[in-house]
Amino acid sequence: MKSGSNMSDEANKCSDKNSIAYHILPTSSNLLGLCFVILSFMKITKMGMETIIDELVSIAIVVFLVSSVLSYAAIRSLNKSDHYEKIADVIFLSGLGLLTVTAIIIVFEVV
């Protein structure tokens with residue numbers, strides 16, 4: 001059985017507004033929306049047929065969606081919040097790397 005101080009420590013940890021999960025969730029959802037805008041632009045201008053950009057953006061959409069779900073799970077979970085938060089952080093950083101590669105390809109292929 002857990003003591004009262006341990007339960008309050010877990011509650012404070014979960015409600016800690018400085019937790020990285022509170023920053024990953026809105027940022028990854030914003031980048032998810034940005035990826036949808038880029039993908040829509042690529043489909044409207046028919047540029048997706050010529051380049052790999054639309055495939056990379058589609059992968060980034062999935063990556064940011066998974067990161068959003070895991071950061072939400074980290075905020076809501078009492079038991080494994082650190083575990084979910086670390087995974088969400090790694091996935092979010094990989095999504096940023098993927099968007100960086102996509103931006104470099106856009107610069108060299110489109111411009």
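Observations, loosely collected:
- Residue among Thr51, Thr102 that alone is surrounded by 14 or more Cβ atoms within 10 Å (Cβ to Cβ), outside any helix (DSSP H, G or I) and hydroxyl-bearing (Ser, Thr, Tyr): Thr51
- Selected residue (only one of Ile59, Ile38, Ile44 is loosely packed, with under 12 Cβ neighbours inside 10 Å, within 24 Å of Ile105 (Cα to Cα), modelled with pLDDT of 85 or more and not charged (D, E, K, R)): Ile44
- Residues that are surrounded by fewer than 14 Cβ atoms within 10 Å (Cβ to Cβ) and more than 17 Å from the chain's Cα centre (by Cα), drawn from region 62-81: Leu78, Asn79, Lys80
- Any pair with Cβ under 8 angstrom, 6 or more apart, that starts in region 29-58 at a residue that is without any contact (Cβ under 8 Å) to a residue 40 or more places away in the chain and ends at one that is exposed (fewer than 15 other Cβ atoms within 10 Å of the Cβ) and of a type in the set (Lys, Arg): Asp54/Lys43
The values are calculated or read from the model by the stated rules, or taken from the named source; none is laboratory data. All figures in this text were calculated on a predicted structure; none of them were measured in a lab. Counting neighbours? That spans all protein chains shown, and the Cβs are built from the backbone with ideal geometry, glycine included.
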